[in-house]
Amino acid sequence: MNLNFLTVQTNKLKFNFKQKYMFPLHRGRRLRTNESIRSLVRETSLSPSDFMFPMFIAEGENYNVEIASMPGIFRRSIDLTVKEIHELFALGIRAVNIYVKVSENLKDNTGLEAWNPNGLMQNAIRAIKAACPEMIVMPDVALDPYSIYGHDGIITNGDVENDATNDALVKMAVSHAQAGADFVAPSDMMDGRVLRLREGLDAAGFHNVGIMSYSAKYASAFYGPFRDALDSAPVDATEIPKDKKTYQMDYANRIEAIKEALWDVEEGADMVMVKPGIAYLDIVREVKNAVNVPVTVYHVSGEYAMIKAAAERGWLDHDKIMMEQLMCIKRAGASLISTYFAKEAAILLNK
Ligand code: PBG
């Protein structure tokens, strides 16, 4: 834990400038003369194994529907997901985040379907691990896809009830582990859920199943296209919160992100996440400097949609913007990037 790292670095730089910098001797452009020298001094690199690919799973067979607000991203049935998994693995991608689109008749206010051993999520995990055992599978742990209200937990008296939700999340995570998940990825932002998940997984004999915690997850309008993909937006009804601000973080806050990340590490998180990505890179760096576990960053659906839309209009160069954003996320301190661009970026990097 070294919170002073940034200040120390910055002061060193200032000191060097004052003491030693003299223009004709020093020319920064020498290190930028051509691509060869630039590649020698490049501080950050990207490779396909830096990426995790978020995938949306739907019921049925041979089902493949593109999400309108996320061109190039599909809701797929399990059989077609497995096909895609083989392609991703061949490209060097080693991890996927799994989300399910649950049919309306299976939704309620308890999350019961979320730990059905033969539910869509559990079947998807089993199928992927059977087809490609080396692919790291990280199912999402949160109740929103299963909630009639579109909230990440159980609603009681007009808000998400923290501790009852944790009980449900433990059952959900254990069922993911039983299906073969390598990691579980709680995205719900309940207090204490990492500790409860760790205890629950251990008690069920899954001490080797890891936890990647969405630690600093902000209440963000950048999640819009994702909620289209899963049809999981909070419903508009009196008596329930119209947004997720009582559990997801206020985007005006920075110190709070460090607090949340440190708590999660203490509770047993193997990795922490900052989400969204590009607009939150200051947070990524702060968290990176504060914790001693890998930091992952979720480059979310709205960030993806913005680039796709601008590129479609010819306003931005798609591939260049994609690579720039991914590199900048890595530079900010990400060990892993969850991104809808994973496949396209891997194809470019393999060229
Ligand atoms: C739900 C969840 C969300 C995302 C990942 N898990 C949406 C939300 O919190 O409302 C968003 C991911 C994205 O926008 O790409 N627990």
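Structure data summary
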{"item": "Probe 1.4 Å, accessible area per residue of the range 47-273, Å²", "result": "40"}
{"item": "Helix-only mean residue ellipticity at 222 nm for the chain, each DSSP H run of n ≥ 4 adding -39500 (n - 2.57), per residue, nearest 500", "result": "-12500 deg cm²/dmol"}
{"item": "Beta bridges by DSSP in the chain, antiparallel share as percent, to the nearest 5", "result": "15"}
{"item": "Length gained when the stretch T33-A203 is fully extended (0.36 nm per residue, less Cα-Cα span)", "result": "55.3 nm"}
{"item": "Taking the chain and dividing mean pair separation by its residue count, relative contact order in percent (alpha carbons under 8 Å, at least six apart)", "result": "18"}
{"item": "Summed side-chain charge close to L106 - residues other than L106 whose Cβ falls under 14 Å, Lys, Arg +1, Asp, Glu -1", "result": "-4"}
{"item": "Exceeding the 22 Å Cα-Cα cut-off - candidates K275/K351; K288/K343; K245/K275; K171/K275; K101/K259", "result": "K275/K351; K288/K343; K171/K275; K101/K259"}
{"item": "Euclidean distance between Cα centres, the range 272-351 to the range 82-102, Å", "result": "18"}
{"item": "Probe 1.4 Å - accessible area at I255, Å² to nearest ten", "result": "110"}
{"item": "Estimated translational D of the range 93-213 in µm²/s (Stokes, Kirkwood radius over Cα pairs; 20 °C; 1.002 mPa s)", "result": "151"}
{"item": "Sparsely packed GluC sites (Glu not before Pro) within the range 209-301, loop by DSSP, other Cβ within 10 Å at most 10", "result": "E239"}
{"item": "Largest to smallest accessible area among V174, V137 [probe 1.4 Å]", "result": "V174, V137"}
{"item": "Rounded percent of accessible protein surface that carbon and sulfur make up, the chain, 1.4 Å probe", "result": "54"}
{"item": "Accessible-area ranking of W315, W263, W115, largest first, probe 1.4 Å", "result": "W315, W263, W115"}
{"item": "Charge tally in the Cβ shell below 13 Å around V209, where Lys, Arg are +1 and Asp, Glu are -1, V209 excluded", "result": "-2"}
{"item": "Using θ = phi - 60° and Karplus 6.51 cos²θ - 1.76 cosθ + 1.60, couplings along the range 141-147 (whole Hz; Gly, Pro as x)", "result": "10, 5, 8, 3, x, 9, 9"}
{"item": "Relative frequency of Cα-Cα separations exceeding 29 Å in the range 47-273, percent", "result": "22"}
{"item": "Reachable aspartates and glutamates, given that their alpha-carbon falls under 14 Å from the alpha-carbon of K242 and they are not under 8 places away in the same chain", "result": "D144, D152, D159"}
{"item": "Neighbour net charge for D182 - beta-carbon separation under 12 angstrom, K R +1, D E -1", "result": "0"}
{"item": "Estimated inter-spin distance, R313 and V65, nm [label 7 Å along Cα→Cβ]", "result": "2.8"}
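The values are calculated or read from the model by the stated rules, or taken from the named source; none is laboratory data. Not measured: the values here are computed from a predicted model. FYI the Cβ positions are ideal-geometry reconstructions off the backbone, even for glycines, and counts take in every protein chain you see. Calculation scope for accessible area: heavy atoms of the full protein, side chains included, ligands and nucleic acids excluded. Shrake-Rupley method; radii C 1.70, N 1.55, O 1.52, S 1.80 Å.
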